[in-house]
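Step one of this worksheet: look at the structure below.
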Amino acid sequence: MDWLGITEVVALTLVVVLLVPVVMLGARRRWLSRQGGLFDCSLRLSTKRPGTGWVLGVARYSGDNLEWFRAFSVSLRPRVIFPRSQSKAGAQRDPDPIESVLLYDQQRILRMELADGDSWELAMSVASLTGLLSWLESAPPGARYR
């Protein structure tokens, strides 16, 4: 095999190696969106230092759960699940200057409090926040009033 043939094989391999992850991320997002209402939602995984620990992701409504997935992952399982019956909306705030660099434009931050004492911070658009608050306050059909 001559140098031209080797160069073509290396170039083709490089294109495939770079293209496959992009196609997989697109296919994963499409699959997730078919399973329920999907919206962009960042989650703060670490609260050690102010303004840090944000991870870009998407969230979807799946029955009585809000499921959160990392944006850049191949996993089809949610990283965090918020059951509606155990979740409560806490305080809302605007991102501080450090956080605004890490998050999408014009997002609000919501503290989500769980019945077990855990709390998470979610960042999403105002329209998504309105939808989430409405979903949290509504009762699923046939459920008793809390």
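The values are calculated or read from the model by the stated rules, or taken from the named source; none is laboratory data. Quick caveat: nothing in here was measured; it's all calculated off a predicted structure. All Cβ positions, glycine included, derive from the backbone under ideal geometry; neighbour counts span all protein chains shown. Surface areas here come from the heavy atoms of the whole protein model, side chains and all, with no ligands, DNA or RNA. Shrake-Rupley method; radii C 1.70, N 1.55, O 1.52, S 1.80 Å.
The table below lists the values:
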item: Subset of the stretch 31-86 that is part of a loop (DSSP other than H, G, I, E, B) and β-branched (Val, Ile, Thr) - its residue that is farthest from Arg108 (Cα to Cα); result: Val74
item: Residues located in the stretch 42-52, provided they are more than 15 Å from the chain's Cα centre (by Cα) and open to solvent by 50 Å² or more (accessible area, probe 1.4 Å); result: Thr47, Lys48, Arg49, Pro50
item: Selection from the stretch 118-137 of residues that are among the hydrophobic types (A, V, I, L, M, F, W, C), surrounded by fewer than 19 Cβ atoms within 10 Å (Cβ to Cβ) and over 16 Å from Gln106 (Cα atoms); result: Trp120, Leu133, Trp135, Leu136
item: The lone exception for Phe39 - which of (1) open to solvent by less than 90 Å² (accessible area, probe 1.4 Å); (2) modelled with pLDDT under 90 it fails; result: (2)
item: Verdict on Leu32 being touching a residue at least 12 places away in the same chain (Cβ under 8 Å), open to solvent by less than 90 Å² (accessible area, probe 1.4 Å) and either under 21 Å from Leu103 (Cα atoms) or not acidic (Asp, Glu) (or both); result: yes
item: Residue count, the stretch 99-141 (criterion: touching a Lys or Arg at 6+ places or on another chain (Cβ under 9 Å) and among the acidic types (Asp, Glu)); result: 3
item: Qualifying residues in the stretch 59-80 (those that are open to solvent by 80 Å² or more (accessible area, probe 1.4 Å) and either at pLDDT 90 or above or not hydrophobic (A, V, I, L, M, F, W, C) (or both)) - the one farthest from the chain's Cα centre (by Cα); result: Arg77
item: Enumeration of residues in the stretch 1-36 that are polar (S, T, N, Q) and more than 22 Å from the chain's Cα centre (by Cα); result: Thr7, Thr13
